[in-house]
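The values are calculated or read from the model by the stated rules, or taken from the named source; none is laboratory data. Computed from a prediction, not measured in an experiment: that's the story for all the values here. We place every Cβ from the backbone using ideal geometry, glycine too, and count neighbours over all the protein chains shown. Heads up: the accessible areas ignore ligands, DNA and RNA and are worked out on the full protein's heavy atoms, side chains in. Shrake-Rupley method; radii C 1.70, N 1.55, O 1.52, S 1.80 Å.
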Amino acid sequence: MLKVEGITVCYGQIPALRNVSLTVEEGELVTLIGANGAGKTTTLRAISGLLPLASGRITFEGREIGNAAPRTVLALGVAHCPEGRRVFPHLTVRENLEMGAYLRRDHQAVAQDMERLFHRFPRLKERLNQPAGTMSGGEQQMLAIARALMSRPKIVLFDEPSLGLAPNLVERTFEIVSDIRREGTTVLMVEQNAYAALDMCDRAYLLESGQVMEQGTGQAMLANDHIQRAYLGG
Ligand SMILES: Nc1ncnc2c1ncn2[C@@H]1O[C@H](COP(=O)(O)OP(=O)(O)OP(=O)(O)O)[C@@H](O)[C@H]1O
Ligand SMILES: [Mg+2]
């Protein structure tokens with residue numbers, strides 16, 4: 001479904017990704033793990049059209065999307081739930097959710113989708129008219145996830161959805177990600193919490209210094225010596 005083939009991405013002259021390749025098949029939950037600065041966010045931003053490729057190719061359902069405009073990528077069904085709960089702080093919860101659906105013209109279905117999301121995120125319904133920036137960190141994270149779903153994506157790119165949340169919310173967030181996949185949406189998730197990420201995914205990639213160093217099924221990655229020593233404290 002999603003194919004990243006040998007991409008190099010630079011900030012100025014400095015490469016942040018070197019010859020990175022990965023694939024995500026329809027229905028899979030794939031995770032990308034790695035230390036701070038490894039290039040995880042850069043990878044998701046390149047897929048979303050937010051960063052240009054210096055070389056390589058990205059295709060989604062057979063269409064080339066490397067260097068495409070972000071709205072083009074979104075329109076094809078790729079939603080990005082960014083790092084650090086990037087909600088629009090001055091817009092209300094409702095306006096943030098509407099922004100997630102801004103390319104859709106099926107307004108009735110948008111309203112229905114919003115109602116449906118409130119079953120999963122009841123707090124958002126209570127806070128519909130509150131400026132998003134005044135919500136708690138956990139509430140903003142839920143809003144960021146809900147906003148990404150409002151585009152009815154085929155695949156969601158999650159960038160560290162559990163970052164900075166209390167343990168019970170971390171667990172809840174992973175449950176939500178698993179639910180989203182179970183309901184048929186493909187997921188590519190970046191996570192620092194390597195154990196949880198590897199345990200819940202189908203396949204995973206390890207990035208180190210902008211390169212893919214290991215890849216395999218979640219279980220194989222959990223059993224990998226290098227990963228155990230460097231990322232699982234084993
Ligand atoms: N806007 C930027 N300008 C210059 N360098 C950048 C920029 N954004 C990221 N980098 C560099 O690119 C490299 C990869 O950064 P990236 O944000 O992709 O890492 P990451 O794996 O997401 O890390 P983290 O776990 O801390 O979020 C880092 O060395 C970072 O300093
Ligand atoms: Mg990052």
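Laid out as a table, the results:
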item: Fraction of antiparallel bridges per DSSP, region 2-231 only, in percent to nearest 5; result: 55
item: Angle between the chain longest axis and helix 167-182 axis [Cα atoms, degrees, rounded to 10]; result: 90
item: Cα-projected label distance for residue 123 with residue 226, points at 7 Å along beta-carbon direction, nm; result: 3.9
item: Given 13 as the ceiling on other Cβ atoms within 10 Å, longest exposed-site-free region of the chain for GluC sites (Glu not before Pro) in DSSP loops; result: 27-182
item: Net lengthening on full extension, residue 88/residue 182 (0.36 nm per residue, minus Cα-Cα); result: 31.0 nm
item: 55, 209, reordered so the largest accessible area comes first (probe 1.4 Å); result: 209, 55
item: Relative contact order of region 2-231, pairs being alpha-carbon contacts under 8 Å that are 6 or more residues apart, as %; result: 28
item: Area of residue 185 that stays accessible when all protein chains are in place (1.4 Å probe, Å², to 10); result: 30
item: Computed accessible area, residue 114, all protein chains, 1.4 angstrom probe, square angstrom; result: 10
item: Area accessible to solvent at residue 80, 1.4 Å probe radius, in Å²; result: 40
item: Cα-based equivalent ellipsoid, region 2-231: semi-axes from gyration tensor eigenvalues, Å; result: 28, 21, 16
